[in-house]
Amino acid sequence: MTGHRDNHNELPPRRKLHPSYRGAWTKRFYVTLVVLFASLIVFLITWFSLYSM
């Protein structure tokens, strides 16, 4: 033993081994909201144009 730390036996940080998927889920949630909103707008425009006469 020389008294210095041996860096070869240390474990990597947990975030490197098990990354979080929070960013991916957040992006998917917001994309889904935008698609639903756009679908609602298209549906309402179509419905009002068909039944307004």
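At-a-glance table
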quantity: Karplus 3J(HN,Hα) series, Hz, for the stretch 27-44 with 6.51 cos²θ - 1.76 cosθ + 1.60 (x for Gly, Pro); calculated: 4, 4, 4, 5, 5, 5, 4, 5, 5, 5, 5, 5, 5, 4, 4, 4, 4, 5
quantity: Whole-Hz couplings from phi, Karplus 6.51/-1.76/1.60, listed for the stretch 15-26; x for Gly and Pro; calculated: 5, 6, 6, 10, x, 7, 9, 4, x, 5, 5, 5
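A short reminder: the numbers here are calculations on the coordinates, not readings from a lab. Quick caveat: nothing in here was measured; it's all calculated off a predicted structure.
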